[in-house]
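Beneath this line is the structure, given in structure tokens, with notes to follow.
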There are 2 protein chains.
Amino acid sequence: MERIEQYNTHGGTQGVYRHDSKTTGTAMTFSVFIPGHEDGAQLPVIWYLSGLTCTHSNVTEKGEFRAACAEHGVIFIAPDTSPRGEDVADDEAYDFGKGAGFYVDATQDPWAKNFRMKSYIETELPTLTAKQFPMADMKRQGITGHSMGGHGALTIGLRNPERFRSVSAFSPIVSPLNCPWGEKALGAYLGEDRSAWRAHDACALIADGHRVDQLLVDQGAADKFLTDQLKPDLLEKACADVGIALTLNMREGYDHSYYFVSTFLADHIAWHAARLK
Amino acid sequence: MERIEQYNTHGGTQGVYRHDSKTTGTAMTFSVFIPGHEDGAQLPVIWYLSGLTCTHSNVTEKGEFRAACAEHGVIFIAPDTSPRGEDVADDEAYDFGKGAGFYVDATQDPWAKNFRMKSYIETELPTLTAKQFPMADMKRQGITGHSMGGHGALTIGLRNPERFRSVSAFSPIVSPLNCPWGEKALGAYLGEDRSAWRAHDACALIADGHRVDQLLVDQGAADKFLTDQLKPDLLEKACADVGIALTLNMREGYDHSYYFVSTFLADHIAWHAARLK
């Protein structure tokens, strides 16, 4: 692992790292904010998964999370959203291929070779993190994300409740089975058998018996993707059906941008921190 | 004036505006954050002048100022750093021409035609702001900025103490007369007669009798431009010589980037807000 950037900021350090991933077969880049702390301290970790078109840098530059992470003493890790590189398969569309890994392990060609973001986020990167950042307390992890990354946070959180004590999301794609972004991406990455998609659909995971105690979701009411792609009502119904305590904050006038995420990310960090004490 | 972007954020609105400037003879773009407020409220205004290579967007995206502006109920205005456009004179270097207006009215060709950032910031844009944003209380203005914009904030503040109740800066160029950036830019914009530069040099303005009661400056101790370009010791001496109360916070380990500015900008906003009550 190579550190390619490091800045003192908000009393801690913002780093950007690159490593050769065995999972994706490519170099992968991610960012880590480590708040100021005493020697030997063990700090909880919040994972932030980004949305379509993003790299680690969008939230790192625009997320306004560091003051809250410093206040609560939590590490913040922002991975990339797909493999990258000239040899990696891609598509002209913004919602597919590079920048759009959807946090699945693709089974279909030409995607299966590199698009293995599920294993990368669930297995390889946490192992690397535990090894490289000894102050990261891997027994206290939370996960959140935005849009496609909200989908990633919800599905990874639901599949791994023993690992993630707290799960939240911003404007998540709550059901790829029921929206154009999801149908396009999962159809191409996982094939036409929609039963294989259910492990990558928060609503289907809940219907199939996966559980967390609580979920926190913030959603802009003026988000242009609300009705066709995001559909928080499907998550509300899925949670109500089985008794998961979902807090769904509909934010009047807010859109899908980082002007929305940055407004409420500090609230989410406080919420996670309270559950990671 | 045309609004080209608007976002709900931090309980207020972040707008970006474009207008045809009579001063520069070009279209000019600037951003304004207006916190949530009651109808008819009058809110103080903080001007933020940006540094070399920047537009309004750097601080707007990376500055992390909105939470503090919302808390204190202040408007935050971020202008561009130079005229722009295909017909505007430019230079290949990053520290001269477009993105490097140095907040002066150029007297030398080819710059004199468009590079009139002093008059733009001091006269045209405040007049436009007062007209277009009726909630802006132009009797309560503060000014700050970063690097070249810190130079702009200090010099404009010192020349207009009746207008700006509070003046602060991040990593300012405190004496263009005594650094390569300043010598290059002011020499080209204002000509070789260095006496004409004194109105655009914070230390010279102080020596020549201009006064403010207090100044707040934050400076990264690991800033690579500290010794050759920024030289805060010159400002310390100028203030000590005449009894201006300068608070100079040297920040160990911090560099020249927005990771530094964003760490301390909320502190500056609180400092300005206390003086703009």
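Quick note: the coordinates plus some simple rules give every number you see, no bench work behind them. As the structure is a computational prediction, the values presented were derived from the model and not from experiment. FYI the Cβ positions are ideal-geometry reconstructions off the backbone, even for glycines, and counts take in every protein chain you see.
Annotations for the structure displayed:
- Chain B: most fluctuating residue of B:214, B:141, B:132 per GNM, C-alpha cutoff 10 Å: B:132
- Rounded to whole numbers, the Karplus 3J(HN,Hα) couplings from phi for region A:184-196 are 5, 6, 5, x, 6, 6, 10, x, 7, 6, 5, 5, 6 Hz, using 6.51 cos²θ - 1.76 cosθ + 1.60 with θ = phi - 60°, and x at Gly and Pro.
- Cross-link partners of residue A:131 among lysines (Cα-Cα below 20 Å; sequence separation of 8 or more within a chain): A:22, A:118, A:139
- Where the Cα pairs of region B:183-277 fall when distances are cut into 10 Å bins, in %: 14, 36, 39, 11, 0
- Karplus (6.51, -1.76, 1.60) ³J(HN,Hα), θ = phi - 60°, over region A:4-16, in Hz, Gly and Pro reported as x: 9, 8, 7, 9, 6, 7, 6, x, x, 10, 9, x, 10
- Förster-model FRET efficiency, 60 Å R0, residue B:199 and residue A:249, C-beta, rounded to 0.05: 0.70
- Given +1 at the Cβ of Lys and Arg, -1 at the Cβ of Asp and Glu and no other charges, the dipole of the protein assembly as shown around its Cα centre is 960 debye to the nearest 20.
- Length gained on full extension, residue B:112 to residue B:19: 31.5 nm, using 0.36 nm per residue less the C-alpha separation.
- Distances, shortest first, from the label point of residue A:110 to those at the same position in the other copies read 4.5 nm; the point lies 7 Å along Cα to C-beta.
- A cut-off of 5 Å between modelled amide H atoms, ignoring neighbours fewer than 5 places along the same chain, links residue B:143 with B:47, B:166, B:167, B:168.
- Amide hydrogen proximity for residue B:114: with H placed 1.01 Å from N in the peptide plane, no residue at 5 or more positions away or on another chain lies under 5 Å.
- Label-point separation in nm, residue B:222 to residue A:131, each point 7 Å along Cα→Cβ: 2.6 nm
- Separation between Cα centres of region A:54-119 and region A:189-238, rounded to whole Å: 19 Å
- Exposed loop positions in chain A were taken to be GluC sites (Glu not before Pro) whose DSSP state is not H, G, I, E or B and which have at most 14 other beta-carbon atoms within 10 angstrom. Between these positions, the longest stretch is A:93-161.
- For chain B, a Gaussian network of Cα nodes joined below 10 Å ranks B:199, B:27, B:93 by mean-square fluctuation, and the top entry is B:93.
- Rounded to 5, percent antiparallel among DSSP beta bridges of the protein assembly as shown: 50 percent
- Take each residue of peptide B:8-17, count the partner chain Cβ atoms within 10 Å of its Cβ, and average: the result is 4.
- In order along region B:89-95, phi translates into HN-Hα couplings of 4, 8, 9, 5, 6, 6, 9 Hz, rounded to whole numbers, per the Karplus curve 6.51 cos²θ - 1.76 cosθ + 1.60 with θ = phi - 60° and x for Gly and Pro.
- Beta carbon of chain B nearest to the axis of the rotation taking B to A, residue and angstrom distance: B:64, 2
- 40 Å tail of the calculated P(r), the protein assembly as shown, as % of Cα pairs: 31 percent
- Applying the criteria of a DSSP loop state and at most 12 other Cβ atoms within 10 Å to the trypsin sites (Lys or Arg not before Pro) of region B:169-199 yields no site.
- With label points defined 7 Å past Cα in the direction of Cβ, position residue A:42 shows copy-to-copy spacings of 5.8 nm, given to one decimal and shortest first.
- Gaussian network model of chain B, springs between alpha carbon atoms under 10 Å - residue of B:244, B:143, B:34 with greatest fluctuation: B:244
- R0 of 25 Å, Cβ-Cβ distance residue A:39-residue B:71: FRET efficiency to nearest 0.05: 0.15
- Chain B: calculated mean residue ellipticity at 222 nm from DSSP helix runs of at least 4, using -39500 (n - 2.57): -8500 deg cm²/dmol
- Eligible lysines near residue B:237 by straight Cα distance, threshold 23 Å, same-chain separation 8 or greater: B:224
- The residues neighbouring residue B:180, those whose beta-carbon lies less than 12 Å from its own, together hold a net charge of -1 under the Lys/Arg +1, Asp/Glu -1 convention.
- At an R0 of 51 angstrom, the distance between the Cβ atoms of residue B:138 and residue A:233 translates into a FRET efficiency of 0.65.
- Magnitude of the charge dipole for region A:2-275, about its Cα centre and with charges confined to Cβ atoms of Lys, Arg (+1) and Asp, Glu (-1), is about 580 debye.
- Percent of Cα-Cα distances greater than 35 Å, calculated over chain B: 10 percent
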